[in-house]
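Everything below concerns the one structure shown next.
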Amino acid sequence: MNSIEIRELTKDYGPTRAVDRLTFDVLPGRVTGFLGPNGAGKSTTMRLLLGLDRITSGTATIGGRRFTDFPDPLRRVGALLDAQSAHGGRTARDHLRFLAAGNRIPMSRVEDVLEQAGIASAAKRRLKSFSLGMRQRLGIAAALLGDPGVLLLDEPTNGLDPEGIIWIRELMRGLAAEGRTVLVSSHLMSETATLADHLVVLGRGRLLADTSMEDFIDARSTPRARLRTSDPVRLRVALAREGFDLTDAGGGRWTVDGIQAEHLGALAAREGVPILELADERASLEQAYLDLTADHAPFAATR
C-alpha cells in the first residue's frame, strides 16, 4: 500500500532528458537514501512522483495510484522539497492550519507536529522572521501533518543545528520502524551512512545502483584488515607464506591487503601470534559513491 513504484519514468525538458527510463521501488520499513550528483534527476523524480511536473513517459505511483488521484494527499504522502516556499507573511501555526483544512486533517494535528518539530514556542511568529533551520523544521512538520505512510524528504538536514540533525535522524529511523516508506535525498554522505538501509543512486538521469547500503559499500571495497600485535615479526613471516604483506600503518597498527579480519584472525591463531586488535577496513559511503558516480557528474570542479 505504501510502496513507491517507478516504472520506465522519463522526463524531457525540450532537448534535455532529465530522467531517463528509471525503474525502481522504494519499500516500507526502511530508510532509502536517494543519491546522485547535482543534475542527476533526484529532485525531478520527486516532483514527477508528486505531480508537480508532467511525466514525458512511464509511471510514478504510490501503492499503485498516482499522487494526484488521492482525495486527501497529505494523509497519504508527506513531502519536504523546498522549505523556503511557505509564505513569509503567515505564522507557522496558520501555515499548518491552511494545509490541514485543505486535506481534512484534524486541527489538533497542527499543535502535535509543532511540538514534534520543536517550534511550538514560535507558532505565532511570521515565517519571514524564521531562520533557515526553523523553516526546515516547519517543512518537516508540514510533511508529518497528515500522519502519512510515505515520506519524501529532499535535503532534510539543510540548515539544522547538531541537535536538529540528531532529531531528524532518529525521526526517520522511527518512521521506518513503524512500517512507513521513507525516501531521503541528501548530499551529506556521512548522514546518509548513519541512517539509510537501502540506496538508490542516479547519474545523468539514469539508475546507477539500487541495493542495500552494505552491499553497495562491499562491492566497492578491497578487502583489508587492520590490527595490532605484540609480535609483528612472526606475523609477517606467517603472512608471507600465504602470499600477504604486513604494512606499517603507524601508531602501532598494521594493515594487510587482500584479506578479511576473520581469516587473518584464524591464521594468527593457528600460528600462535597474539592479536591485540583486529577489524576490517571498508570504503566509506563517500568513497564508494564517488567511485560509482565519477563519470556521471555533469558539474565537477577541476583539481
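Readers should treat all values here as calculations from the given coordinates under stated rules, not as data from a laboratory. Small disclaimer: the values here were computed from a predicted structure and weren't measured. Backbone-built Cβ (ideal geometry, glycine too); neighbour counts: all protein chains shown.
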Practice item. First check a/c for segment 224-280, with a ≥ b ≥ c the square roots of the eigenvalues of its C-alpha gyration tensor; if it is under 1.5, answer rounded, and if not, answer prolate when a/b is larger than b/c or oblate otherwise. Key: rounded
**Study point:** Neighbour-count order for R104, R135, fewest beta carbons within 10 angstrom listed first
**Key:** R104, R135
Exercise for review: Work out which GluC sites (Glu not before Pro) in the chain are exposed loop sites (DSSP not H, G, I, E or B, at most 13 other Cβ within 10 Å) and give the longest gap free of them.
Suggested key: 1-177
Study note, to complete from the structure: Toy charge model, Lys and Arg Cβ at +1, Asp and Glu Cβ at -1: segment 4-212 dipole around Cα centroid in debye, rounded to 20, equals 620
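With +1 on each Lys and Arg Cβ and -1 on each Asp and Glu Cβ, how big is the dipole of segment 165-256 about its Cα centre, in debye rounded to the nearest 20?
Details: 13 positive and 12 negative charges, 60 e Å.
The dipole of segment 165-256 has a size of about 280 debye.
Using the Kirkwood formula on the Cα atoms of the chain, what hydrodynamic radius do you get, in angstrom to one decimal? If you can, show how the numbers build up before the last one.
Details: mean 1/r = 0.0460 Å⁻¹.
Over the chain, the inverse of the mean reciprocal pair distance is 21.8 Å.
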Exercise for review: For segment 164-216 and segment 1-33, compute the distance between their C-alpha centroids and round to whole Å.
Suggested key: 15
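Relative contact order of the chain: what whole-number percent is it, with Cα pairs under 8 angstrom and at least 6 residues apart? Walk me through the numbers before you get to the answer.
Numbers: 587 pairs, mean separation 65.2, N = 303.
The value is 22 percent.
For each of M1, M46, count neighbouring Cβ atoms within 10 Å of the residue's Cβ, then give the residues from fewest to most.
Details: M1 12, M46 22.
Least to most surrounded, the residues fall as M1, M46.
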Exercise for review: Mind jotting down the distance between the C-alpha centroids of segment 262-296 and segment 36-86, whole Å?
Suggested key: 39
Review point. Is it possible to state the helix-based mean residue ellipticity at 222 nm for the chain, with each DSSP H run of 4+ residues giving -39500 (n - 2.57), the sum divided by total residues, to the nearest 500 deg cm²/dmol? What is it?
Key: -9500 deg cm²/dmol
Point to revise | Cα gyration tensor, segment 90-162 - rounded (a/c under 1.5), prolate or oblate | key: oblate
**Study point:** Per-residue Cβ neighbour rank within 10 angstrom, fewest leading, R228, R180
**Key:** R228, R180
Check your understanding: Which one of V237, V150, V31 has the biggest mean-square fluctuation once the chain is modelled by GNM with Cα springs under 10 Å?
Key -> V237
Review point. So which residue, out of G252, G88, G159, gets the largest mean-square fluctuation from a GNM of the chain using Cα contacts under 10 Å as springs?
Key: G252
